[in-house]
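Reading through the structure tokens given below for one structure.
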Amino acid sequence: MKLLAFLMQTGGHIAGWRHSGAAADALCDIDYFRSLAQTAERGLFDGVFLADSVGYAPVKGAEIFACLETPKLDPALVLSTIAAVTKHIGLIGTASTTYCQPYELARRFATLDHLSHGRAGWNIVTSTMENEAHNFGREAHMDHGARYERAAEFVDVARKLWDSWQDGAVLADKDRGHYTDPARISAINHAGDHFKVAGPLNVPRGPQGHPVLVQAGASATGQRFAASCAEVIFTSHPGIETAKAFRAAMHKQIAEFGRSPETLKIMPAMTPVIGATRADAEALQRALDSLIPTSIAISKLGALLGNIDLSGADHDAPLAPLPEAALAGQNSTRDRVLELAEREKLPLAELARRVAAGRTGRTIVGTAEDVADELQAWVEEGAADGFVISPPVLPAGLETFVDGVVPILQARGAFRKAYEGATLRENLGLQRPANMYETNPALIEKPEVW
């Protein structure tokens, strides 16, 4: 199986930062992130994964903001420093197609791929929060469909830019005075609905050809986009059956784009709450949940349901039906929460704590062996190619997983005992993409037309 370490601030649990095992004050300290990456590399993880946004979700009141929001450093800069102190671990950073431009993003990730000797990955997001629009001079966020139309063109332009230098374009020929071979460098002269980009990129093609493309869109539109270009899908499922159905559906969709299952790794998020005994693990989960103030949990639940105001709702009764207006449009997170509410009929406060704790996906509560059992079962039953491990508390939770779960998986032959390759692509079992200008020389634009 493949494993990514989700370095979600101080842990995947919303109150994980309050736990004694969390480095709560370290989120602007690069040594913290370097240490996490080194722990993941010691555990032979394929990569580390940094989420990001360029704004904040809607909040109501300073108290809620104070409990929910933490510093978010620029992933590309953090990953660049991690590259200097690691040798094998992949470096996957998030960047938005809505609030970036293709040229600067393609350049940034090509640079990271060179600096890391082929370990870069781009988690493609379209952004979801209104505050992000306000931070970039827009009155409102682009609608869902328009964001994905822009994203599809954005990825197309980025690929052209990464391919604008063919392999062997750098000559550094001192005798002839030729640093590059112009015949192997092409303008792209892209003119589309959203972007107009001349090219070429001013960074040669990276060791991987293209950084690994990661995507997490769960809506129908997001899945279609992922089927067209994603090489890793970061997804979330409460159980094995929905995960199996999702993987089968994605394999069907990628076939429509002429792709085979070997070109895509589907990796659900898993939150392992690990104890020496199951009772210890259950106690840890209860302790973490108890650290979530009820008002904060209720606010988080309302936000995930589409910014519904639940402040006056009965905390001891199940979630009331949402107004019709709140059910309009695609919102996969909202739908997962409603499915959980309908299935378990939890009192509102308990539902809110569970959702706020990050448990719309799968949380495994038990011993290291229990965690290994479930991960192995998901892979063997065709529900996943691997997992994005989101420890509830960092750094303690990652250390526990590496020292406890990884050796069990290795002993069973379910996980590597050494890295197979030098690049993130090689370790994930993904092919290096062909250069479109090498396979179709007619596309090449000569230097004089730049």
Query - Given (1) surrounded by 14 or more Cβ atoms within 10 Å (Cβ to Cβ); (2) closer than 21 Å to Ile296 by Cα, index of the condition Ile364 fails - result: (2)
Report task. Would you tally the residues in the range 137-164 being exposed (fewer than 14 other Cβ atoms within 10 Å of the Cβ) and in contact (Cβ under 8 Å) with a residue 24 or more places away in the chain? Result -> 1
Query raised in the report: How about the range 342-361: which of its residues are among the small types (Gly, Ala, Ser), farther than 30 Å from Arg412 by Cα and surrounded by fewer than 21 Cβ atoms within 10 Å (Cβ to Cβ)?
Result: Ala349
Query raised in the report: Condition test on Pro182, is it modelled with pLDDT under 95 and either more than 25 Å from the chain's Cα centre (by Cα) or not assigned by TED's automatic domain parsing to the domain that holds Tyr148 (or both)?
Result: yes
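Identify all residues within the range 179-219 that are of a type in the set (Gly, Ala, Ser), closer than 25 Å to Ile266 by Cβ and in contact with a helix residue (DSSP H, G or I) (Cβ under 6 Å, 6 or more places away or on another chain); write none if there are none.
As a first pass, look at the range 179-219 and keep what is of a type in the set (Gly, Ala, Ser): 183, 186-187, 191-192, 198-199, 206, 209, 216-219.
After this cut, where a residue has to be closer than 25 Å to Ile266 by Cβ as well, the list is 206, 209, 216-219.
Correct list: Gly206, Gly217, Ala218, Ser219.
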Report summary line: Being in the same structural domain as Thr221 (by TED's automatic domain parsing) and surrounded by fewer than 21 Cβ atoms within 10 Å (Cβ to Cβ) narrows Glu381, Glu324 down to just Glu381
Report summary line: Restricting attention to the range 385-415, the residues that are more than 26 Å from Tyr32 (Cβ to Cβ) and of a type in the set (D, E, K, R) number exactly 2
Query - Residues of the range 167-189 classified as crowded, with 18+ Cβ neighbours inside 10 Å and in contact with a Pro (Cβ under 9 Å, 6 or more places away or on another chain), total - result: 5
Query - Checking Ser332 against (1) within 21 Å of Ser299 (Cα to Cα); (2) of a type in the set (S, T, N, Q); (3) outside the structural domain of Asn307 (by TED's automatic domain parsing), the condition it does not meet - result: (3)
Query raised in the report: What is the number of the single condition among (1) closer than 21 Å to Ala281 by Cβ; (2) touching an Asp or Glu at 6+ places or on another chain (Cβ under 7 Å) that Val406 does not meet?
Result: (2)
Query raised in the report: Restricting attention to the range 139-157, does a residue exist that is at pLDDT 95 or above, in contact with a Gly (Cβ under 9 Å, 6 or more places away or on another chain) and aliphatic (A, V, I, L, M)?
Result: yes
Report summary line: Scanning the range 416-426 for residues that are out of contact with any strand residue (DSSP E or B) (no Cβ under 7 Å at 6 or more places or on another chain) and not acidic (Asp, Glu), the one nearest to Val371 (Cα to Cα) turns out to be Arg416
Query raised in the report: Restricting attention to the range 332-391, which residues are over 18 Å from the mean Cα position of the chain (by Cα), within 30 Å of Val59 (Cα to Cα) and in a strand (DSSP E or B)?
Result: Ile364
Query raised in the report: Could you list, in sequence order, the residues of the range 58-107 that are at pLDDT below 95 and buried (at least 16 other Cβ atoms within 10 Å of the Cβ)?
Result: Val59, Ile64, Cys67, Leu68, Lys72
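The values are calculated or read from the model by the stated rules, or taken from the named source; none is laboratory data. Note that the structure is a prediction, hence the values are computed from the model and not measured. For neighbour counting, all protein chains shown are included, and Cβ atoms are generated from backbone atoms with ideal geometry for every residue, glycine included.
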